[in-house]
1. Within the stretch 71-102, restricting attention to residues that are closer than 22 Å to Asp122 by Cβ and among the acidic types (Asp, Glu), which residue is modelled with the highest pLDDT?
2. Test Asp123 against the stated conditions and say whether it is among the charged types (D, E, K, R) and either at pLDDT 95 or above or in a loop (DSSP other than H, G, I, E, B) (or both).
3. Do you know which residues across the stretch 46-73 are more than 25 Å from Glu32 (Cβ to Cβ) and among the β-branched types (Val, Ile, Thr)?
4. Can you tell me which residues in the stretch 62-82 are out of contact with any helix residue (DSSP H, G or I) (no Cβ under 6 Å at 6 or more places or on another chain) and under 21 Å from Ala129 (Cβ atoms)?
5. Test Asp52 against the stated conditions and say whether it is at pLDDT below 95, surrounded by 18 or more Cβ atoms within 10 Å (Cβ to Cβ) and out of contact with any Ser or Thr (no Cβ under 7 Å at 6 or more places or on another chain).
6. Restricting the stretch 55-70 to residues that are out of contact with any Gly (no Cβ under 9 Å at 6 or more places or on another chain), at pLDDT 90 or above and not aliphatic (A, V, I, L, M), which is surrounded by the fewest Cβ atoms within 10 Å (Cβ to Cβ)?
7. If I ask for residues that are within 17 Å of the chain's Cα centre (by Cα) and closer than 18 Å to Phe119 by Cα, which ones from the stretch 72-87 would you list?
8. Going through Glu24, Glu46 one at a time, which residue ends up being acidic (Asp, Glu) and at pLDDT 55 or above?
Amino acid sequence: MALTVSPHINTAPPAETHAITQRENPQTTTSERPVDLLTREELLQEIIDNMDALHDPRFDSETITRDSLKRTADGVPLRGTPPTPRQSEIAAETLKRKDVFKELDLIGGSTMFPLNGTFTLDDAENVAAGRRSTVAFAE
């Protein structure tokens, strides 16, 4: 008795044509890049995007302080929920880049106390948009 195998059993199914879109030049998004490799502009955007996790609970919901950044960098919860590793890295990098922190602090300061260790969401957005403080300060 001979076993007969139908020819379509051992063949691949016919290929179906699909319209597949392919991204041109896929790039790593900012949130996938190491924080220490972010440009100044990318870091500012990360600060803006993570304002909820970085803001100091002692102030209104849009104020970041040097203390809130230090605590976030150390992984200390500011309001009960621990920061993500990425948020801790953003906080640490903001403190590390003294020029960025100083610029954020300066634009939000008053003429009497331009460098008070705080900045707001508006300050970060202004710096990101290229608006600068008119307050002069000594290096």
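1. Glu93
2. Values: among the charged types (D, E, K, R): yes; either at pLDDT 95 or above or in a loop (DSSP other than H, G, I, E, B) (or both): no.
Spelling it out, it is not the case that Asp123 is among the charged types (D, E, K, R) and either at pLDDT 95 or above or in a loop (DSSP other than H, G, I, E, B) (or both).
3. Within the stretch 46-73, Thr63, Thr65 meet the criteria.
4. Thr63 - this is the single residue of the stretch 62-82 that is out of contact with any helix residue (DSSP H, G or I) (no Cβ under 6 Å at 6 or more places or on another chain) and under 21 Å from Ala129 (Cβ atoms).
5. Details: at pLDDT below 95: yes; surrounded by 18 or more Cβ atoms within 10 Å (Cβ to Cβ): no; out of contact with any Ser or Thr (no Cβ under 7 Å at 6 or more places or on another chain): yes.
Against the criterion (at pLDDT below 95, surrounded by 18 or more Cβ atoms within 10 Å (Cβ to Cβ) and out of contact with any Ser or Thr (no Cβ under 7 Å at 6 or more places or on another chain)), Asp52 does not qualify.
6. Taking the stretch 55-70 and keeping what is out of contact with any Gly (no Cβ under 9 Å at 6 or more places or on another chain), we get 55-62, 64, 68-70.
Remaining after also requiring at pLDDT 90 or above: 55-58, 64, 68-70.
The next check asks that each one be not aliphatic (A, V, I, L, M); those that pass are 55-58, 68, 70.
Working: His55: 21, Asp56: 20, Pro57: 12, Arg58: 10, Ser68: 22, Lys70: 13.
Residue satisfying both the conditions and the ranking: Arg58.
7. The answer is Thr72, Ala73, Gln87.
8. Glu46 is the lone residue from the list that is acidic (Asp, Glu) and at pLDDT 55 or above.
The values are calculated or read from the model by the stated rules, or taken from the named source; none is laboratory data. Since we're looking at a predicted model, the values are computed, not measured. Virtual Cβ from ideal backbone geometry, glycine too; neighbours counted across all protein chains shown.
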